[in-house]
Structure formats: structure tokens, C-alpha cells
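**Q** Take a look at the following structure, please.
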Amino acid sequence: MKIEFINLREIKMRLRSPFETSFGVTQDRRIVLVEVSADGVTGWGEITTDETPSYNPETTQTAWHIISDFIAPSLIGNNLAAASDFPERTEGIRGHHMAKAGVENALWDIEAQQRGVPLWKLLGGTLEQIACGVSLGIRENPQSLVKKVEEELKSGYQRIKLKIKPGKDLASVAAVRKQFPDIRLSVDANSAYRLEDAPHLKELDEFNLLMIEQPLYWDDIHSHAKLQSQIKTAICLDECIHNARHAATAIELGACRIINIKLGRVGGHSEARRVQDVCRQQSVPAWCGGMLESGIGRVHNIAMSTLPGFTLPGDVSASHRYWDEDIIDPEVTVSPNGTIAAPKSPGLGYTVRRSAVNKLTVRQESWKVDAVSVPA
Ligand code: OSB
Ligand code: MG
């Protein structure tokens, strides 16, 4: 594929309600979309950075900088045999996985269209339906959280994840568990605790949780191994796992028993597939995490979640839980038993609503080779 056109744009989208994690509250998303054309075929990717460097070191603005100043100028006009060649071409750029993933994933969309197959099949996906759960933000009080959980269960979601932080943990979990003794329930701390909190975290053991996600330091696998040896609840790593080597290390050290795979955090479909392979070989369940994505990122998540290592319900849920209006057609919907069907048509299998995207765009930058006509 000869890369003829790259368009970077930032869109502004407002979540239907604010989402609170241990690191802050988000409502107004600033999302960077990448559109790439090769041999006349257009593909889309989404950068899954937060607006602030509080989940990981990347932000909307750092991703823009890395793509605008390094990736796009070096990629334009190049000829790639396959999307899977992209990681090697950008090896010289350290880190910035979310920025890279947005570009690589657009190339995967192109390749799938060129081959006339759905992206999930090109990736090697085998699951025709993916299992869905929801991630619920920190709330004012346990009562309102229990009500919210009830709503989500009614919609069919197969697993409920509660965001927690010190002071907003045991009482919320206890209230939800009391009301719903048998559901698959997990918690996500986004690195809000210290190793010294082990005795406190041990109190979560009595709630029969599926997992506790990323309790400790975002960059420290070893401390999680120390914690895992002191608590019964399975640790799931999110922030700590940036590639397949990290996944292998974490499993070998006993730092986790479950892994959350995020396409952006690991740098795109190529590496996500390798992380998933490591998990599968070691019989460690994996699932697809979310970053409050627009439809484009969501649909890439659906494709990834069809790989055979994704054995637990992910944080991939319906468009309408996030947005009044999503930017893809159709919107992502979830069946009454909490599944999403893998799409049938080539590429992403959903159409990007270009007019909606244009309306939400606040800045753009493009690169093109000479004598190429640009999509309207
Ligand atoms: O840790 O999984 C996380 C959202 C933003 C940043 C980090 C996380 C999350 C979520 C939301 O849990 C998942 C979603 O619904 O997209
Ligand atoms: Mg998480």
C-alpha cells in the first residue's frame, strides 16, 4: 500500500455524563482521528489518549505532536507491504504507543478493505460475538451506584466493573455485592493505592470479585507481584502492560492473573495480537479495555476482541452509553444477552459519518503526495 494521504484531526465530543476515576473527572473529550488513504482506499484510526497525562504519559496534544512532527512526514509517500510492517518503521520513536496505534490501526482498516475481508477476520479473530461488560465511574453514594448497576444488568451486560479510590471503595463494593450476590463484579483503582495498603485491599477478598484492576503504581510490575501474594482476589494489570514482553514478565512474576489489553496502550493491532498470544499460551484470561472511545476506536476494539485469547467480557459497550450521537453508522449496539456481533462487511464494517465528523472537528493537518485527489 502506497500511503498517499494522511489527515489528522481533533474532534470535540461531550460524554452524556461525567466519568469519574481515581485520577479525575472527564466529560469533554478531545479525540484525535487519523484518516489514511493508500491506493485510493481510506482507513480510519482513533488516538485513545486522555486529555491529561493522568492515565498514562500521553495526551491529546503529545499524540498530535508525535504524528505531526515525526510519523506523518516519514510515512507519506511510502510503500508498505502490509499494516503489520508499521511497528518496525516507527521503532525509532520510543513510547507514544497511543499515537502510533491510531496510525497503524488505520492501515489495518485499509488492508482489510483491500483484501475484501472484515478487519476482525484479517486479524485472525474467531469469535463471531464478543462478550460485553461496563465500567462505572465513581459516584456520590452507594445507593445511586446500586441503581446504576441494576440498569446495566437489565440491558444485559455480563460483567460490572466499579471504579474505586481510597475512601470510595469498600462501602460501594459491599452495597453492590449485597444487592447482586451472583454477578461477575470487578473493581478498577487506576493506580490509586500503595503497597502499604495491602491489608486494606485484602478486605476486598470477601466480596468474591472477578478481579482488582491496576491497584498500584502505573509503572511497577514488581510491586503488584508482592501484593498478589498477599491477597486472594486476582489482580488484573492495565496501565503496567505496554507490550507482549511486559505481559510475559508480569505473568512470570505472578504480578497478575488477568490482563486488560488496550489497543492504544500497547501500540496497535500488531502488538495487541502478540499480547493476546502470550496470555493464551499461559492460560491467562484477557479482555479488551476501553478509553471512552468514539465509534471509530470502539469498532477497532470490537475487531480485536474477536481474537481467541479474549475470554472475559470487555469494557466495550453500546455507543449510546457515551454519546448522544456517535460518528459511525450504524451505532454500536449490544444484544439483550450482552454481546456485540462481529460485523460482516470488509474493513471496519461500520461507516464513518464524515459530515458528523466535520462538524465536530476543531483542527486538522494533512499530508499528501503530489497529484492525489483528497477525499471530500
Ligand atoms: O482504566 O479502564 C480504565 C476510562 C478512561 C481511562 C482508563 C480507564 C477507563 C475506563 C472506561 O474504565 C472504559 C470505557 O467505558 O471506555
Ligand atoms: Mg483500567
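**Q** Quick check of the Kirkwood formula: for the range 125-174, what is the inverse mean of 1/r over all pairs of different Cα atoms, in Å? Show your work: numbers first, answer last.
**A** Working: mean 1/r = 0.0832 Å⁻¹.
Its Kirkwood hydrodynamic radius stands at 12.0 Å.
**Q** Enumerate the amide H contacts of residue 162 below 5 Å, restricted to partners 5 or more residues apart or on another chain; note that Pro and chain-start residues carry no placed amide H.
**A** It is 136, 186, 187, 188, by chain and number.
**Q** Also, I was wondering about something else. Give me the aspartates and glutamates in straight-line cross-link reach of residue 2: C-alpha distance below 16 Å, same-chain residues under 8 apart excluded.
**A** Those aspartates and glutamates meeting the cut-off are 35, 39, 85, 104, 109, 111, 370.
**Q** Which of 332, 316, 275 moves the most in a Gaussian network model of the chain with Cα springs under 10 Å?
**A** Looking only at 332, 316, 275, the biggest GNM fluctuation is shown by 332.
**Q** With the cut-off at 27 Å, report for the chain the share of all Cα pairs above it, as a whole percent.
**A** The calculated P(r) of the chain puts 45 percent of pairs beyond 27 Å.
**Q** Once you list every other residue whose beta carbon is under 9 Å from the beta carbon of residue 324, what net charge do they have if Lys and Arg are +1 and Asp and Glu are -1? The partial results should precede the final answer.
**A** Numbers: positive: 14, 16; negative: 325, 326.
Overall, the nearby charge balance is 0.
**Q** Would you work out the relative contact order for the chain, in percent, from Cα pairs under 8 angstrom that are 6 or more residues apart?
**A** Working: 843 pairs, mean separation 85.1, N = 376.
About 23 percent, as a whole number.
**Q** Using Cα pairs closer than 8 Å and at least 6 residues apart in sequence, work out the relative contact order for the range 122-341, in percent. Display every interim value, and only then the final one.
**A** Values: 435 pairs, mean separation 51.2, N = 220.
The value is 23 percent.
**Q** Determine the distance separating the Cα centre of the range 183-254 from the Cα centre of the range 83-119; give it in Å without decimals.
**A** 30 Å
**Q** Which of these, 247, 101, 225, has the largest mean-square fluctuation under a Gaussian network model of the chain (Cα springs below 10 Å)?
**A** Per the Cα network of the chain with a 10 Å cutoff, 225 tops the list.
**Q** Take the chain, connect every pair of alpha-carbon atoms lying under 10 Å apart with a spring to form a Gaussian network, then pick out the residue of 300, 222, 242 with the largest mean-square fluctuation.
**A** Checking each option, the largest mean-square fluctuation is seen for 222.
**Q** Per residue of the chain, what 222 nm ellipticity follows from adding -39500 (n - 2.57) for every DSSP H run with n ≥ 4, rounded to the nearest 500?
**A** Roughly -9000 deg cm²/dmol at 222 nm, from the helical runs in the chain.
**Q** How big is D, in µm² s⁻¹, for the range 122-341 by Stokes-Einstein at 37 °C and 0.692 mPa s if Rh is the Kirkwood radius over C-alpha pairs?
**A** Working: Rh = 17.5 Å.
The calculation lands on 188 µm²/s.
**Q** Separate question: Return P(r) of the range 156-242 (all Cα-Cα pairs; 5 Å bins starting at 0; whole %; ordered from short to long distances).
**A** Distribution as computed: 3, 15, 29, 26, 16, 8, 3, 0 percent.
**Q** Another one. For residue 165, list the lysines whose Cα falls under 22 Å from its own Cα; do not include residues on the same chain fewer than 8 positions away.
**A** Qualifying lysines at Cα under 22 Å: 147, 148, 178, 202, 226, 232, 262.
**Q** Sticking with this one: How charged is the neighbourhood of residue 282? Take every other residue with its Cβ under 11 Å from the Cβ of residue 282, and add Lys/Arg as +1 and Asp/Glu as -1.
**A** On the way: positive: 257, 280; negative: 252, 277.
Within the 11 Å Cβ shell, the charges total 0.
**Q** Could you bin all the Cα-Cα distances of the range 224-376 into 10 Å bins starting at 0 and give me the percent of pairs in each, rounded to whole numbers?
**A** 10, 33, 30, 19, 7, 1, 0
All of the numbers you see were taken from the coordinates with simple rules; none came from a lab. Predicted model only: the values in this text are computed from it and were never measured. Counting neighbours? That spans all protein chains shown, and the Cβs are built from the backbone with ideal geometry, glycine included.
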